[in-house]
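Novice: Below you'll find the structure I mean.
Just so it is clear, none of the values below were taken in a lab; they were calculated from the coordinates. Since we're looking at a predicted model, the values are computed, not measured. FYI the Cβ positions are ideal-geometry reconstructions off the backbone, even for glycines, and counts take in every protein chain you see.
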Amino acid sequence: MCSHYEGVSDPKRLAEHFGVILPAGVKFDVWPAYESIFIRRPKEWGSGDDAVPPREAQAGAFGLVPHWTRAVDVKTALVAARRTYNARPETARDKPSFRDSWRRAHHCVIPAEAIYEPDWRSGKAVPTRIGRADGGPMGIAGLWTGWNSPDGTVLRSFTMLTVNADDHALMSNYHRPDDEKRMVVILHEHQFDTWLDASAERSMEFMQQFPADLLVAAAAPRPTRPRGA
């Protein structure tokens, strides 16, 4: 599972690897309920308008806030995001928090330089930074949605999809010894567009482990975990 990641903060790097423009005002040291970015197809995509880009970066909260959430304002609604930052594809199609996004194929790609996981092999949680071995940014498969506040504000939000990693050569080393090992679904670059266009029926085809030899892990300074994150 991933509750902390490093977003892509360099506009040139984001444009080069993902073909999108960096929105203003987002965070790059990202924890649940923080606003960062996700990449989706524009609503006008496929309309025949050549001016519509194939991808767009949207600001949104890390942690899915379902459209049916009952809350008086955005701040209250974000409480839900602290529990919905990761989704299991095994249950997403039926779990109330995720099922509408799954069934509507609200697919997105979440750009990240690295994710952080605890290494418990020493008996203590050692914060570990995990990134791509080639130095490139990750494109993590996710789901997105929108929530309408009573005051008319639209809150967009997203979640990362995860798969079992009990047998993964690298990711099986993380989290508590007795916990199931999970890892985020990292897409290859050639999969970005096919994932964004995939129907709900095809979603499971993308739920695969990323090869261990294409990742690198190193102990990192202990992160400052914000209160409530």
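Novice: Which of the listed residues, A212, V126, I37, is farthest toward the dipole's positive end in the chain, when Lys, Arg count +1 and Asp, Glu count -1 at the beta-carbon?
Specialist: It is V126, whose Cα lies furthest towards the positive end.
Novice: Using a cut-off of 27 Å between alpha-carbon atoms, which lysines can reach K75, once sequence neighbours fewer than 8 places away in the same chain are excluded?
Specialist: Partners found: K27, K43, K95.
Novice: Determine the gain in length on full extension of the stretch W120-D213; use 0.36 nm per residue of separation and subtract their C-alpha separation, reporting nm with one decimal. Provide the component values of the computation, followed by the final result.
Specialist: Values: separation 93, 0.36 × 93 = 33.48 nm, distance 2.09 nm.
Between W120 and D213, full extension yields 31.4 nm more.
Novice: Grab the beta carbon distance between M204 and V52, set R0 = 25 Å, and tell me the FRET efficiency rounded to 0.05.
Specialist: For R0 = 25 Å, the calculated efficiency reads 0.30.
Novice: So what is the relative contact order for the chain, in percent, with contacts set as C-alpha pairs under 8 Å and at least six apart?
Specialist: Taking the mean separation of contacting Cα pairs over the length of the chain, I get 22 percent.
Novice: In terms of the Cα gyration tensor, with a ≥ b ≥ c the square roots of its eigenvalues, is segment 1-130 rounded because a/c is under 1.5, prolate because a/b exceeds b/c, or oblate?
Specialist: Details: a/c = 1.78, a/b = 1.22, b/c = 1.46.
Oblate.
Novice: With charges set only on the Cβ (+1 for Lys and Arg, -1 for Asp and Glu), what does the dipole of the chain come to about its Cα centre, in debye to the nearest 20? Could the numbers behind the result be given before it?
Specialist: Values: 29 positive and 29 negative charges, 181 e Å.
Rounded to the nearest 20 debye, it is 860 debye.
Novice: Still on this structure: Tell me the label only: which of (1) 53, 39, 34; (2) 57, 43, 31; (3) 59, 35, 30 is Cα extents along the principal axes in Å as calculated from this structure?
Specialist: Correct label is (1).
Novice: Where a Cα-Cα gap under 16 Å defines reach, which aspartates and glutamates qualify for K12, not counting those fewer than 8 residues away within the same chain?
Specialist: E56, E113
Novice: Just how large is the dipole of segment 90-142 about the Cα centre, in debye to the nearest 20, putting +1 at every Lys and Arg Cβ and -1 at every Asp and Glu Cβ?
Specialist: Approximately 180 debye in magnitude.
Novice: Placing unit charges on C-beta atoms (Lys and Arg positive, Asp and Glu negative, everything else neutral), compute the dipole magnitude of segment 144-222 about its Cα centre in debye, rounded to 20.
Specialist: For this selection, approximately 320 debye.
Novice: Give me the extension gain from R13 to V74: residue separation times 0.36 nm, minus the current Cα-Cα distance, reported in nm with one decimal.
Specialist: Extra length available between R13 and V74 comes to 18.9 nm.
Novice: Given G19, G135, I115, which one lies farthest toward the positive end of the charge dipole of segment 1-135, if we put +1 on the Cβ of every Lys and Arg and -1 on the Cβ of every Asp and Glu?
Specialist: The listed residue farthest towards the positive side: I115.
Novice: I've got another one for you. Counting each DSSP H run of 4 or more residues in the chain as -39500 (n - 2.57), what helix-only mean residue ellipticity at 222 nm follows after dividing by all residues, to the nearest 500 deg cm²/dmol?
Specialist: -2500 deg cm²/dmol
Novice: Report the chymotrypsin sites (Phe, Trp or Tyr not before Pro) located in segment 48-112 that are in a DSSP loop and have at most 12 other Cβ atoms inside 10 Å of their Cβ, or state none.
Specialist: Answer in residue order: W68.
Novice: Between segment 150-174 and segment 8-79, what is the separation of their alpha carbon centroids in Å?
Specialist: 15 Å
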